[in-house]
Each structure stands twice: as C-alpha cells, then as structure tokens.
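What follows is a short report on a single structure.
Derivation of every value follows stated rules applied to the coordinates shown; laboratory data play no part. It should be emphasised that the depicted structure is a prediction, and the values quoted were computed from it without experimental measurement. Positions of Cβ are generated from backbone atoms using ideal geometry, with glycine treated the same way; all protein chains shown enter the neighbour counts.
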Amino acid sequence: MSVLNTPCVALLCFALFRSGFLGLAPIARNKVFDVIDQGIVVLSAQLEVVDHNIRAGELLSAISPGSALTMGAAAAALFPDGGWTKMTPDAPPAEFRRAADGGYVSLKLHALGASQRPVGYVLVLTDISALRAMAERDPLTGAYNREGLDGICRHLLQGRGESGLQVAVLMIDLDCFKSINDTYGHLQGDDVLRDFVAVARSTLNREYYIARLGGDEFVILLPGLGLQEAVDHAETLRRQVSRSSMGCACGEQELRYTVSIGVADGRLPQSSLRELLDNADQALYRAKEEGRNATAAHIA
C-alpha cells in the first residue's frame with residue numbers, strides 16, 4: 001500500500017487541478033500520476049472522463065473486464081453492471097471484486113470545488129486485496145476465516161439469479177487434537193493445523209475453498225458437487241491425512257493424526273450457508289460416534 005493515502009491523493013489532485021499545474025508542468029504531472037499506487041480518474045462536472053493515469057485503467061479492467069477508459073466516456077458506462085450507482089461524493093468507498101482472482105478494489109468519488117456546484121470530480125481506485133486478505137484469512141494456516149467464507153459464497157452467487165449454485169460442504173475436525181496439544185505442546189499443535197491445510201491443498205484436485213472456523217475445526221466448500229461426489233473427495237482426503245506423517249519437535253518419532261469429516265450438500269441461496277454447515281456438523285458428530293477417522297454424510 002502506498003504511503004500516499006486516499007485523502008492525500010484527492011487533495012493533491014484537487015490542488016493540481018485548481019492551480020493549473022497539470023497544464024503548466026506536464027512533466028511533473030506525468031511523474032505524479034506515475035508514482036501513485038492508486039488509480040486516478042478526473043471527471044468533468046458532467047461525469048465524463050477528462051484524464052486518468054495508467055493505474056486507473058489497470059484497476060478498472062480488473063473489476064469491469066471489457067471496459068476501457070477513453071476521453072469523454074461517461075463514467076456510468078464504465079460499469080455496465082450498474083455499479084456506478086454506488087458512486088456519490090457523500091457515500092463511503094464502494095468495494096468491487098477483481099474478476100480474475102477475487103481480489104478487491106475500493107472506489108471513492110471526490111468532488112472538486114464547492115459541494116453544491118462542483119467543477120469536476122476525482123475518482124480514486126485503490127487495490128485493497130492485501131488488506132481484505134488480512135481480514136478474511138486465518139493468520140496461522142492461511143485458510144479463510146468465517147468472514148472470508150461468507151465473502152466467497154457471495155462471490156460465487158453473483159450473476160446466478162434464482163437458480164443459485166449447487167455446493168457441498170465438508171465439516172472437518174482433527175481427532176483428539178487436545179491430546180496433541182497436551183502431549184507435544186501448542187507450538188506442535190500449530191504445526192499440525194498448518195500441515196492439515198497443506199495436505200488438503202495438495203489432495204483436492206478441483207475448485208475448493210478451505211476455511212478454519214476456530215480451534216481444530218475446518219470447512220471445505222466444494223462448488224458444483226453433489227453429495228456422493230463430495231463424500232468421495234472427503235474419503236480421499238481422510239485417507240491421505242491418515243497416511244501422512246510429520247516431524248515432531250519433541251523427539252525423533254513421527255507424529256501422525258487423523259480427521260473426522262461430515263458431508264452435506266444443497267443449493268445456495270435456497271439453503272443458507274448456516275443450514276449447510278449445521279447439516280455437515282450433524283454428520284460430523286456421527287462420524288465421531290463411529291470411532292473417529294471416518295466420513296459420514298447428512299441424509300435429508
């Protein structure tokens with residue numbers, strides 16, 4: 001993130017606009033625009049593009065593929081999905097997802113001149129993907145947290161209408177994790193959590209999203225899968241974990257652990273994520289009752 005924060009950028013652009021510096025010193029103007037990490041779009045009072053920097057074009061293309069910044073273009077036309085309706089000087093920054101990687105770009109509109117009759121506007125685009133990742137990721141394992149999982153569901157449902165999306169959910173507990181902490185210490189327990197996420201990532205060979213809900217409880221979201229396919233993936237993961245081993249900081253022996261998995265499926269948003277998690281949790285309880293190191297499916 002640049003040391004030039006968004007308010008500073010807006011004030012800088014306003015000062016340049018008012019002083020005529022952009023016209024009198026094009027070399028300095030180009031340099032200022034080049035070193036700013038944020039995208040800057042200068043708009044007329046009629047909300048038409050007057051000027052912009054290269055970064056603005058990059059960020060706009062990331063959130064609105066196919067849109068191109070051209071002089072005189074109407075700002076609303078840059079957001080064919082109606083996203084421009086979020087843009088007013090009084091509104092808080094609006095966040096848009098980057099189409100390619102699911103990152104985030106924040107957009108904030110600033111008025112130039114008197115707020116009642118502005119002479120123009122400055123639209124500031126800031127890539128906040130790293131900040132959002134910090135808020136949506138578990139710092140220990142790198143998996144999503146619950147907030148991140150909710151955001152993934154919203155992203156997957158965009159543009160799907162009433163048909164929604166078929167998904168399967170795996171609810172996973174590490175078996176006897178408390179005894180691992182008690183026997184080997186919490187640092188070794190942290191290593192086990194990280195190891196499980198690494199094993200899951202290397203085992204699942206399709207689209208998936210893994211989240212840590214807390215402690216030793218994980219969720220894996222599998223878009224597009226029905227119950228039986230999800231059970232097959234869960235069993236593959238369970239077997240791979242049971243075959244894996246990791247070094248133990250307390251001695252030469254290898255540490256092995258197992259997982260229990262509950263599986264449920266449904267359609268979002270007809271079924272809420274909370275409902276799917278509850279169903280998978282019930283199945284997980286059965287897997288534990290069956291002796292752990294097992295997979296159980298929720299049957300409606």
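Tabulated values for the structure
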item: Mean Cα-pair separation over length for the stretch 137-297, i.e. relative contact order, pairs under 8 Å, 6 or more apart, %; result: 29
item: Correct choice for mean projected area of the Cα convex hull in nm² that was computed from the model, options (1) 16.0; (2) 19.6; (3) 22.4; result: (2)
item: Charge-dipole axis of the chain as Lys and Arg at +1 and Asp and Glu at -1 on Cβ define it, positive-most pick from I261, L112, V35; result: L112
item: Spatially proximal lysines relative to K108 (Cα-Cα < 29 Å; intrachain offsets below 8 disregarded); result: K31, K86
item: Of all DSSP beta bridges in the chain, antiparallel share, percent nearest 5; result: 90
item: Pairwise FRET efficiency - D232 versus C176, Cβ, R0 = 30 Å, nearest 0.05; result: 0.75
item: Highest to lowest packing among 219-232, 256-269, scored as the average C-beta count within 10 Å; result: 256-269, 219-232
item: Kirkwood Rh and Cα Rg combined as Rg/Rh, the stretch 137-297; result: 0.98
item: Cα→Cβ-extended label distance, 7 Å offset, between M71 and R206, nm; result: 5.2
item: The chain, relative contact order in percent, only Cα pairs under 8 angstrom and at least six apart counted; result: 13
item: Difference of contour (0.36 nm per residue) and Cα-Cα distance, R256 to E275; result: 3.6 nm
item: Reachable aspartates and glutamates, given that their alpha-carbon falls under 19 Å from the alpha-carbon of K288 and they are not under 8 places away in the same chain; result: D173, D175, D216, E217, D232, E235, D278
item: Cα-only Debye scattering, the stretch 126-228: base-10 log of I(q)/I(0) at q = 0.12, 0.16, 0.23, 0.24 Å⁻¹; result: -0.47, -0.78, -1.28, -1.34
item: Computed [θ] at 222 nm, deg cm²/dmol, the chain (DSSP H ≥ 4; -39,500 (n - 2.57); rounded to nearest 500); result: -12000 deg cm²/dmol
item: Rounded to the nearest 20 debye, dipole of the chain from Cβ charges on Lys, Arg, Asp, Glu; result: 860
